[in-house]
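Undergrad: Here it is, the structure, as structure tokens.
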Amino acid sequence: MSASFLIRRTVRRAVCLPVLSATLLMGTVPFAWAQVPPPAVLARSWVLLDVTSNQILASENAQERVEPASLTKLISAYVVFQALKDKKIAMEQTVIPSNIVRQVKRDESRMFIEANKPVTVDALVHGLIVQSGNDAALALAELVGGSEANFVAMMNDTAKRLGMAHTHFADTNGLPHQDHYTTAADLAVLSMHLIKDFPEYYSIFAVKEYTYNRIRQSNRNRLLWIDPSVDGLKTGHTETAGFCLAASAKRPLANMPNQNRRLVSVIMGERKESDRIQDSLKMLNYGFQAYDGVPLYKAGQVLNTLRIYKGKLNQLKVGIAADVMVSVPRGSSDKIKTTLSMSTPLIAPIAKGQALGTVQVQVDGKPITTLPVVALEAVPESNIVGRAWDSLLLKIQKIWDKRK
């Protein structure tokens, strides 16, 4: 595949969109012009996201406020994973749960830990994710946050940092509360970050069953048994929230079996458990079948070499920082066009990786995504003589441009 490439220079600073933001999911369907429309589902709201390309393939009512139910444990897991990554806690660490775990009622999801009985963090994390244990969530909240209230504050701070602009949490477990809400869009963003930020822990979401206290419980994500490409994330259910599921699947590219493509579907407010399973699978299959994943750029690929002023170098290579794959309607990869938009003039100092412009990617004249263009090398300032000379050149160039 070769994409035609256009260059546009501007004096304004280009807007960079390095990752998916929840604001991109404003209930619209960026790929509504796909050759095959998305399947009909019974969910109250839903989103289909291509994690590999950071693109939304389809959505409906994505910003409608909904109850997350036990999908709340996705943000609880994120906060715990961050504590593990920062080495504030460790998997092999032993915890003695307080009497707070006795608050969990008999009809709530539990891993059956006991107050004042030692348990490892590893067991609690599996209890949180695989068994959806409300007691595990409370024990981890006390460990990481010192109290459930402090942990909930950490959950909300994390949600804000991740761009979950329409979410607020009131507890660790997702029990019905007027101040506990989210959207399918925000949960898609959270799911993407769990996968990308913590690959070392994400595999726990694929564990099919876990035994604690001689009680074996199965993962409620039944897609783990139905489709071998599905390896996460989590279910949720209350009477008011309905049946919910955030699911992720990874499959190889059709013509490049050594490269994978990952999708996430978030289905909210189904009436039956079987509906959330069927609709999630339909949506994932649709995404893989109706769209092609096209590798577009390699990490460090040079897009252009531009004049830079007042630096120790006169030329600067600009390009793409990481590998980029885009999703396009099946069979349309030959219609990809890219337009480079740069902020000029470029003036030193410039750091390696500094955002300097964007590449807009279009298919058949329709925009599908915008990628950041960065400096592929650092350029420090020149000496006083070099800076003075380039200042003169810039003035001459400005005069010349006005005469055109």
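Undergrad: What is the set of long-range amide H partners of Ile89 at a cut-off below 5 Å, with H atoms built 1.01 Å from backbone N?
TA: For Ile89, the qualifying residues are Leu84.
Undergrad: Follow-up question, since we're still on this one. As a test of the formula, what do you get for the chain when each DSSP H run with n ≥ 4 contributes -39,500 (n - 2.57) and the sum is divided by the residue count, at 222 nm and rounded to the nearest 500 deg cm²/dmol?
TA: Helix contribution divided over all residues of the chain: -8500 deg cm²/dmol.
Undergrad: Roll a 1.4 Å probe over the protein chains and send me the accessible area per residue for the chain in Å².
TA: On a per-residue basis, the chain sits at 46 Å².
Undergrad: Mind jotting down the three principal axis lengths of segment 319-404 based on Cα atoms? Whole angstrom, largest first.
TA: Taking the Cα atoms of segment 319-404, the three principal extents are 56, 33, 14 Å.
Undergrad: Let me ask something else about it. Residue by residue, what Karplus-based ³J(HN,Hα) values in Hz, rounded to whole numbers, does segment 45-60 have, using 6.51, -1.76 and 1.60 with θ = phi - 60° and x for Gly and Pro?
TA: Calculated HN-Hα couplings, in order: 8, 6, 9, 10, 10, 8, 5, 5, 9, 6, 10, 8, 8, 6, 6, 8 Hz.
Undergrad: Give a quick list of GluC sites (Glu not before Pro) in segment 48-139 that DSSP marks as loop, anything other than H, G, I, E or B, with at most 11 other Cβ atoms within 10 Å.
TA: Passing sites in segment 48-139 are Glu92.
Undergrad: Hey, which of these cross-link pairs are over 20 Å Cα-Cα: Lys208/Lys234; Lys196/Lys366; Lys73/Lys160?
TA: Too far apart for the 20 Å limit: Lys196/Lys366.
Undergrad: Please list, or write none, the aspartates and glutamates whose alpha carbon is within less than 16 Å of the alpha carbon of Lys398, excluding same-chain residues fewer than 8 places away.
TA: Asp390
Undergrad: In addition: Please list the non-local residues whose amide H lies under 5 Å from the amide H of Ser229, H modeled 1.01 Å from N, same-chain partners needing a gap of 5 or more.
TA: Residues meeting the amide H criterion: none.
Undergrad: Using the Karplus curve 6.51 cos²θ - 1.76 cosθ + 1.60 with θ = phi - 60°, work out ³J(HN,Hα) for each residue of segment 221-232 in order, rounded to whole Hz, and write x for Gly and Pro.
TA: Residue by residue, segment 221-232 yields 7, 5, 5, 4, 8, 7, 10, x, 7, 7, 9, x Hz.
Undergrad: Now, a different point. Expected output is a single nm value to one decimal: the length gained when fully extending between Gln35 and Ile215, i.e. 0.36 nm times separation in residues minus the C-alpha distance. What is it?
TA: Here the answer is 59.9 nm.
Undergrad: In segment 228-248, which residues have a backbone nitrogen under 19 Å from the label point lying 7 Å from Ser203's Cα in the Cα-to-Cβ direction?
TA: 228-234, 248
Undergrad: Could you work out how much longer the chain between Glu273 and Arg403 gets when fully extended? Use 0.36 nm per residue separation minus the Cα distance between them, nm to one decimal.
TA: Using 0.36 nm per residue and subtracting the Cα-Cα distance, I get 39.8 nm.
Undergrad: Set the Förster distance to 56 Å, then compute FRET efficiency between Trp389 and Asp334 from the Cβ-Cβ distance, nearest 0.05.
TA: Result of the calculation: an efficiency of 0.75.
Undergrad: On a 0 to 90° scale, report how tilted helix 72-85 is relative to the longest principal axis of the chain, with both axes built from alpha carbons and the result rounded to the nearest 10.
TA: Taking the Cα atoms of the chain, the angle to 72-85 is about 70 degrees.
Undergrad: Something else: Under 5 Å between amide hydrogens, which residues at least 5 positions from Asn304 or on another chain qualify, with H placed 1.01 Å from N in the peptide plane?
TA: Val318
Undergrad: Please state the Cα pair-distance histogram of the chain with 10 angstrom bins from zero: what percent is in each bin?
TA: Spelled out per bin, shortest first, that is 5, 21, 26, 21, 15, 8, 3, 1, 0.
Undergrad: Can you give the Kirkwood hydrodynamic radius of segment 240-349 from its Cα pairs, in Å with one decimal?
TA: Hydrodynamic radius (Kirkwood, Cα only) of segment 240-349 equals 17.6 Å.
Undergrad: Now a separate question. If you roll a 1.4 Å probe over segment 254-324 with all protein chains in place, what percent of the accessible area is carbon or sulfur?
TA: Roughly 46 percent, rounded to a whole number.
Undergrad: Where the accessible area of segment 41-171 is counted over protein heavy atoms with a 1.4 Å probe, how much of it, in %, is carbon and sulfur?
TA: 46
Undergrad: As an exercise, identify the trypsin sites (Lys or Arg not before Pro) in segment 263-326 lying in DSSP coil whose Cβ has no more than 13 other Cβ atoms within 10 Å.
TA: Those satisfying the criteria are Arg271, Lys272, Lys298.
Undergrad: Can you work out ³J(HN,Hα) from phi for every residue in segment 286-297, in order, using Karplus 6.51 cos²θ - 1.76 cosθ + 1.60 and θ = phi - 60°, giving whole Hz and x for Gly and Pro?
TA: Residue by residue, segment 286-297 yields 4, x, 6, 8, 8, 10, 9, x, 10, x, 9, 9 Hz.
The values are calculated or read from the model by the stated rules, or taken from the named source; none is laboratory data. These numbers were taken from a predicted model, which means no experiment stands behind them. Positions of Cβ are backbone-derived with ideal geometry, glycine not excepted, and every protein chain shown enters the neighbour counts. Note: areas computed on protein heavy atoms with side chains; ligands, DNA, RNA excluded. Shrake-Rupley method; radii C 1.70, N 1.55, O 1.52, S 1.80 Å.
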